[in-house]
Amino acid sequence: MRKNKFLYVLLLSVLFTACDKEDNLTPSNLGKDWFTIENSDDPVDRAIYQFYVETGIPVFYNDTIGQETRVDNWGNSYTHYEILQFGASALGGTETPNPFSAYELCPRENVVDGLEFLREEIVPVLPESIKIRSFLLLKSLTPYNPATSKEAFKGLNTVLISRVTEFGDMSDAERLNMKGAVLNAVLATPIAAYAEELAVFYQTTRGCYTQADLYGCNGWRFYNTYGFSDPRTVGFLKDPNPYDYGNMPTETQDVGMYISAIFTSTPEEFEASYGAFDAVMIKYRIIVSVLKEIGVPI
């Protein structure tokens with residue numbers, strides 16, 4: 001009995017000593033928020049800070065957004081670099097590796113143009129339900145897959161926006177197309193949550209031909225084997241070209257084309273272009289309905 005009491009007291013003393021040691025530990029910086037923007041005397045960085053105050057969205061023009069000295073488990077110090085993650089959070093939320101073989105960062109002298117584009121074209125369309133972790137301004141993007149957008153892409157913790165160096169000289173039509181590309185990148189994932197609506201969207205096209213899947217099918221087969229003369233008759237926003245043997249859109253591309261079209265044309269303009277194609281108009285109304293449900297002002 002006396003032995004048990006001794007062991008009990010010894011155990012308590014060890015626990016109290018351990019707790020006391022933990023209380024004296026120096027906190028690490030592993031919980032640092034790298035996405036908080038601080039004010040600066042530098043004009044470019046001050047403009048980014050003002051945008052951050054207005055919108056709550058950090059904007060970067062370098063993919064390395066910070067560094068700090070850390071200590072590993074063996075007491076050795078090292079420099080940690082915080083780098084934005086380009087890996088995709090694609091339609092459906094599937095994480096994929098970095099899809100770009102190369103990219104060029106946006107020069108400092110073009111950053112303000114990028115901020116003005118975001119402020120005028122993108123932020124007013126974003127509903128409160130959609131939180132943007134950050135934007136990264138770029139000069140160019142080179143994807144491995146030609147089907148991946150060279151203009152805008154949503155990564156794991158940033159939205160990449162390319163061609164920022166061209167914003168100052170863009171025509172209204174080019175600027176509108178960039179707006180559509182960026183909003184497609186931002187909105188594709190929230191739209192993917194509406195599975196029932198998208199099932200009807202996809203079935204509108206698949207119901208036009210039940211002997212094969214039209215999504216991603218070869219253009220030659222579409223025109224010559226399946227007997228179609230116009231992709232718009234099955235709901236694709238693709239002009240007819242019997243000599244185009246490239247593939248028809250995939251599901252992801254199809255949704256993206258509708259998102260872009262909605263923001264690059266008025267409802268009247270869209271109907272003037274596609275009103276004769278029932279499948280197109282059905283799919284258009286589905287995506288418009290989903291966007292309104294998300295809270296996008298249309």
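The values are calculated or read from the model by the stated rules, or taken from the named source; none is laboratory data. Quantities reported herein were computed from a predicted structural model and do not represent experimental measurements. Methodologically, a virtual Cβ is constructed for each residue, glycine included, from the backbone with ideal geometry; neighbour enumeration extends over all protein chains shown. Accessible surface is based on the protein model in full, side chains and every heavy atom, while ligands, DNA and RNA are left aside. Shrake-Rupley method; radii C 1.70, N 1.55, O 1.52, S 1.80 Å.
Note on the chain: with a GNM built from Cα contacts shorter than 10 Å, the maximum mean-square fluctuation among VAL186, VAL255, VAL112 falls on VAL112.
Given R0 = 25 Å, the distance between the Cβ atoms of ARG206 and ALA147 translates into a calculated FRET efficiency of 0.80. The local environment of ASP213, defined by Cβ-Cβ distances under 15 Å, has a net charge of 0 under the rule Lys, Arg +1 and Asp, Glu -1. Taking the empirical scaling 2.2 N^0.38 Å for compact globular proteins as reference, the chain has a Cα radius of gyration ratio of 1.35. Computed from phi, the 3J(HN,Hα) profile of the stretch 270-275 under the Karplus parametrisation 6.51, -1.76, 1.60 (θ = phi - 60°) reads 4, 5, 5, 7, 10, x Hz, with x in place of Gly and Pro.
Accessible surface for the stretch 221-268, divided over its residues, is 47 Å² per residue with a 1.4 Å probe.
Using the Cβ of PRO297 as centre and a radius below 15 Å, the other residues enclosed give a net charge of -2, where K and R count +1 and D and E count -1.
Gyration tensor over the Cα atoms of the stretch 42-142: the corresponding equivalent ellipsoid has semi-axes (square roots of 5 times the eigenvalues, largest first) of 26, 20, 16 Å. Rounded to the nearest 10 square angstrom, LYS150 shows an accessible area of 130 square angstrom against a 1.4 Å probe.
Residues considered: THR225, THR205, THR36. Largest GNM mean-square fluctuation over the chain, using C-alpha springs under 10 Å, is found at THR225.
Under a model in which nothing but the beta-carbon of Lys, Arg (+1) and Asp, Glu (-1) is charged, the chain shows a dipole of about 1300 debye around its Cα centre.
Think of the chain as having a plus end and a minus end, set by charges on the Cβ of Lys, Arg, Asp and Glu; of ALA152, LEU138, PRO99, PRO99 sits farthest toward the positive end of this dipole. Among the chymotrypsin sites (Phe, Trp or Tyr not before Pro) within the stretch 99-179, those in coil by DSSP and having at most 15 neighbouring Cβ atoms inside 10 Å are TYR144.
What is the diffusion coefficient of the stretch 150-298 in µm²/s, taking the Kirkwood radius over Cα pairs and the Stokes-Einstein relation at 10 °C with a viscosity of 1.306 mPa s? Approximately 97 µm²/s, per Stokes-Einstein.
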